[in-house]
Amino acid sequence: VLYIGQTARGWGRGEGLQRVKWGGEVPMEVHTISLTKTGFDITFTLPVDQEGAKNPDSYNMQHWHYKYQPGYGAPQIGRTTVKPDKVVVSKDGKKVSLALEELVPLKVYEFSFSNIKSQDGQGLNNTKAFYTLNRLRK
């Protein structure tokens, strides 16, 4: 059981205590994104359907950085589309390795997933993920 405390401050504007109870079903989600020397490893909560997961077009990626400025909020600078050169799905089907032609440090990478589903046909509940790449792996 997980309890979540909320205050009336911030964007949510709700307050109180909520109880979250595990329902027993694992949803199809991105579990982790890890940087590699050549790209990213994406681990899913359930094994992926091989056909969609092996297709580089299933991974719509972009990167950008923010203009630093004193005021709140900042514009995105240099938004660039990125396509994986190679996609490898692990034997257990839970990890997908994306190799990119170039990794650029100090960028925010946005992953938009399409045609990614579990082996039993569940689609992703959340089709976007983000990774801030501060420095490359040696």
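The values are calculated or read from the model by the stated rules, or taken from the named source; none is laboratory data. Not measured: the values here are computed from a predicted model. For neighbour counting, all protein chains shown are included, and Cβ atoms are generated from backbone atoms with ideal geometry for every residue, glycine included. All accessible areas refer to the heavy atoms of the entire protein, side chains included, with ligands and DNA or RNA removed. Shrake-Rupley method; radii C 1.70, N 1.55, O 1.52, S 1.80 Å.
Key figures for this structure:
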{"read-out": "Any strands (runs of 3 or more DSSP E) falling wholly within region 37-121 and containing at least 2 residues that are of a type outside the set (Asp, Glu) and buried (at least 19 other Cβ atoms within 10 Å of the Cβ)", "value": "39-44, 59-66, 95-99, 107-113"}
{"read-out": "Members of region 22-36 found to be assigned to a strand (DSSP E or B) and hydrophobic (A, V, I, L, M, F, W, C), listed by number", "value": "30, 33, 35"}
{"read-out": "So residue 85, is it modelled with pLDDT of 90 or more, touching a strand residue (DSSP E or B) at 6+ places or on another chain (Cβ under 6 Å) and of a type in the set (Asp, Glu)", "value": "yes"}
{"read-out": "Candidate set from region 1-27 (those that are modelled with pLDDT of 85 or more and of a type in the set (Phe, Trp, Tyr)); member that is least open to solvent (accessible area, probe 1.4 Å)", "value": "3"}
{"read-out": "Filter pass, residue 45 being more than 19 Å from residue 134 (Cβ to Cβ), hydroxyl-bearing (Ser, Thr, Tyr) and touching a strand residue (DSSP E or B) at 6+ places or on another chain (Cβ under 6 Å)", "value": "yes"}
{"read-out": "Some residue of region 34-43 being within 21 Å of residue 115 (Cβ to Cβ), touching a residue at least 40 places away in the same chain (Cβ under 8 Å) and either among the acidic types (Asp, Glu) or in contact with an Asp or Glu (Cβ under 7 Å, 6 or more places away or on another chain) (or both)", "value": "yes"}
